[in-house]
1. Residue by residue through the range 347-355, which ³J(HN,Hα) values in whole Hz follow from phi under the Karplus form 6.51 cos²θ - 1.76 cosθ + 1.60 (θ = phi - 60°), with glycine and proline marked x?
2. Short version: ³J(HN,Hα) in whole Hz for each residue of the range 289-305, in order, from phi by Karplus 6.51 cos²θ - 1.76 cosθ + 1.60 (θ = phi - 60°), x for Gly and Pro, what are they?
3. Cα gyration tensor of the range 198-269, axes a ≥ b ≥ c as square roots of the eigenvalues: rounded (a/c below 1.5), prolate (a/b > b/c) or oblate?
4. Wrap a convex hull around the Cα atoms of the chain, take a quarter of its surface area, and give that in square nanometres.
5. Excluding same-chain residues fewer than 8 positions from residue 271, which aspartates and glutamates have a Cα within less than 16 Å of its Cα?
6. Please state the equivalent ellipsoid semi-axes for the range 261-355: what are the square roots of 5 times the Cα gyration tensor eigenvalues, largest first, in whole Å?
7. Fewest first, what order do 213, 251 take by the number of other Cβ atoms within 10 Å?
8. Which of the lysines could a cross-linker bridge to residue 12, judged by Cα under 19 Å and excluding same-chain residues fewer than eight apart?
Amino acid sequence: MGNFDGTREVAKEHQFSVENLSNWLLKNLPGYQVDSPLDIKQFKGGQSNPTFLISQKDRQFVMRRKPPGVLLPSAHAIDREYKVIQALHNANFPVAEPLGYCSDSSVIGSDFYLMDFVKGRIFWDPTLPEVDSEERKSIYAEMNRVIALMHSLDPNKIGLGDYGKPGAYVSRQVERWTKQYKASETETIEAMDNLMAWLPRNIPAADDTRLVHGDFRLDNMIFHPTKPEVLAVLDWELSTLGHPLADFAYHVMVWRLTPGVFRGLAGADLKALSIPNEAEYVRMYCKRLGIPEVSKNDWEFYIVFNMFRLVGILQGVMARALQGNASSDQALAAGKRARPLAELAWNQVEKLTKS
């Protein structure tokens, strides 16, 4: 697991019994010793499942747990997150090595799991100002390779055939995020109401089923310290079986977003930065998978669908922030991005219907 932009002391609402955790580790983590104390810090990044860096002598690992408080029914399913990491690690896909899962809430107050700490680089700005143009180009090619690799895996062959329902992924997602959004709604956003009405009526007919990450973006990957190589893809809490193009469009959405709405590339001089434009990046992906290029209408639907979905996620972050149990100090600020993003998505629909 990576640095998530640094650590801090454990937030008061996420504190737990270190003694209980140590006793569990002694029984369940091979090689664990009790002769030196655990040093526990909380990662600053991430909005959903609190994540901790646990250090002992020269060993480090990462713990993810469900947050405390009242949770939405299908949210924070970290058992699924652990299952997919196990399967992908066994399939030699780049993820952190899973080390153990605990479903006994009496240990620290909620379910948690452990994985290896992967040392490397996490990039937050998609313009990649910290690297030169040649490495920038290679990093984008590597991201494209990794998501295409994930979408090439047969879920049945890697033990994930029962990880979700086959087919009709987009319609189920629209229904799910409509419910999630309404359950955490804190204000009326007209554009979001429009999207919730438009999306179910315009789902593309083509369907396919693959493992989808659900949140595949630059800052959910750990890169090698010196090479443009992905060592681990992080944050699998939204993963399931679904439509690969819908998943890929979420990843590509960064080309449509401005830095002010979400970390985006819109307005950047891509040619000067040696970053492929959206069309080039999509062609690269289709070529890797040997699939025909996507029609404009279908592609635009998937982009809008993912903006809608991200609004649902941000709205959930906002609701948790107002309840006081969000896992990041930046949760409220993130939640405030829901409205401009919903309005951007509806603007894309209006452009599409006029063309």
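1. 4, 5, 5, 5, 5, 5, 6, 8, 6
2. Per residue, the Karplus-derived 3J(HN,Hα) values read 8, x, 10, x, 5, 7, 5, 4, 4, 5, 4, 5, 4, 4, 5, 4, 4 Hz.
3. In terms of gyration-tensor shape, oblate.
4. Its average projected convex-hull area is 17.6 nm².
5. Within the straight-line limit of under 16 Å, residue 271 reaches these aspartates and glutamates: 132, 134, 135, 280.
6. Taking √(5λ) for each Cα gyration eigenvalue gives 30, 17, 14 Å.
7. 251, 213
8. 41, 44, 66
All of the numbers you see were taken from the coordinates with simple rules; none came from a lab. Just so it is clear, the structure is predicted and the values come from calculations on it, not from any experiment. Because the Cβ atoms are built from the backbone with ideal geometry, glycine has one as well, and the counts that use them run over all protein chains shown.
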